[in-house]
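Step one of this worksheet: look at the structure below.
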Amino acid sequence: MTANPATNFTTALPNSEVVLLGNNSLWQYTSHPQIDSTIDFSILPSGVANTSNITVPAALIEDPDSANLGHDYQATDTDFDRNNNIRDYLAGDSTSHSIGQVRFGLDGSLFVSVGDGTSYNSVDSRSVRVQDIDNLSGKLLRIDPLTGRGMADNPFFNGNADSNRSKVWSLGFRNPFRFTIQPGTGTPYVGDVGWTTWEEINPATRGGNFGWPYFEGAFPNSRYQGLPQAQAFYPNGQAIAPLLARHHDASQNSDGRGASALIMGDFYTGNTLPTMYDGALFYNDVSGGTVYATSLNADGTVGLTRIVDELSYIVDMETGPDGYLYYANLYQGEIGRWRSA
């Protein structure tokens, strides 16, 4: 999708606007797997022009009798006070790092990945909000898909399902652009796009904290570590090291290829690739163009196999119902699939 950043597009949602700016446009659309297929879920950025940008995950509920559209929450002009953590306020103070993806959990709950919403190329003091559980930036949320409320078994649930913290599943992400759900366990595996040094894969366990902005990879982030908030954070030992981290410097990686922006794919559950890939976690580097299959071994180690090189700008990979592994290539404007030669 391309758009003129200066243009506001009126949506079918009453009294709302969509501001398409940079990478902050409609990113995801999915249908509920367990209920009427006329209920779909999308994520779209909206806001008040020249005032602020917010992003609202919206359930677009199509009544087959009336074809009416609705959604759970509509921001108002009074919601743009940055001194408060407004309910459902997903800050968008940059042209990137907004909402990334929505996926249903095995129990029918809806996971929503949210970036830090701050500058992607310079130190930004607003990034510290990622560590505030009452702020939705830099989080993986888990909500009731029909109400937008937090689930009662979420780790920070405080008795008020409408509160921000009640919706948080895990935190400490920079740009969790894509994630997938592990079959069997239901654990979300998040691809967190790094900044200057590391790209990460993180199993987003319940209540897990993955350290951004005070950590990048498994190491303190030198550009933020001098902040008082960082000095208070480091001794508590809360940050979880990534399952897999890829360095931007090719010499630091076992396959001799540097990383740039890790895009999480999917666990392969099909039957059209060799059996060695059964259950493997596929991901790619969007700029470098390398697709990998990662095996999660019983002893906790991670195996890595390069599948293909020079296939840049794959922004999504998913196993289809026909058993093929599909990919979406943004640069080529195509959807393709892999099969055994």
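The values are calculated or read from the model by the stated rules, or taken from the named source; none is laboratory data. These numbers come from a predicted model, not from an experiment. Glycine gets a Cβ as well: all are built from the backbone with ideal geometry, and neighbour counts include every protein chain shown.
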- Message: Residues to consider are Thr294, Thr305; find the one that is loosely packed, with under 15 Cβ neighbours inside 10 Å and either among the aromatic types (Phe, Trp, Tyr) or assigned to a strand (DSSP E or B) (or both).
- Response: Thr305
- Note on the structure: Filtering the stretch 308-323 down to residues that are more than 21 Å from the chain's Cα centre (by Cα), loosely packed, with under 15 Cβ neighbours inside 10 Å and part of a loop (DSSP other than H, G, I, E, B) yields Asp309, Glu310, Pro321, Asp322, Gly323
- Query: Quick one: in the stretch 324-341, which of the residues that are of a type in the set (S, T, N, Q) and part of a loop (DSSP other than H, G, I, E, B) is nearest to Tyr277 (Cα to Cα)?
  - Reply: Ser340
- Within the stretch 214-233, restricting to residues that are of a type in the set (A, V, I, L, M, F, W, C) and in contact (Cβ under 8 Å) with a residue 60 or more places away in the chain, the one that is surrounded by the fewest Cβ atoms within 10 Å (Cβ to Cβ) is Leu227
- Task: Identify the single condition in (1) touching a Leu at 6+ places or on another chain (Cβ under 7 Å); (2) modelled with pLDDT of 55 or more; (3) not in a strand (DSSP E or B) that Leu69 does not satisfy, given that it satisfies every other one.
- Result: (2)
- Total residues in the stretch 278-291, condition among the hydroxyl-bearing types (Ser, Thr, Tyr) and buried (at least 19 other Cβ atoms within 10 Å of the Cβ): 2
- Query: Of all the residues that make up the stretch 105-129, how many are crowded, with 19+ Cβ neighbours inside 10 Å, farther than 21 Å from Thr180 by Cα and aliphatic (A, V, I, L, M)?
  - Reply: 1
- Arg246 versus (1) more than 20 Å from Ile314 (Cβ to Cβ); (2) part of a strand (DSSP E or B): which is the lone unmet condition? (1)
- Would you confirm whether any residue within the stretch 97-116 is closer than 28 Å to Gly265 by Cβ, aliphatic (A, V, I, L, M) and modelled with pLDDT under 85? yes
- Task: Could you please give the count of residues in the stretch 315-325 that are touching a Gly at 6+ places or on another chain (Cβ under 8 Å) and closer than 18 Å to Tyr189 by Cα?
- Result: 5
- Item | In the stretch 130-161, the residues that are surrounded by fewer than 18 Cβ atoms within 10 Å (Cβ to Cβ), free of Cβ contacts under 8 Å to residues at least 40 places away in the same chain and under 18 Å from the mean Cα position of the chain (by Cα) | Asp144
- Query: Just checking, how many residues over the stretch 162-203 are assigned to a loop (DSSP other than H, G, I, E, B), surrounded by fewer than 22 Cβ atoms within 10 Å (Cβ to Cβ) and either at pLDDT 95 or above or of a type in the set (Ser, Thr, Tyr) (or both)?
  - Reply: 9
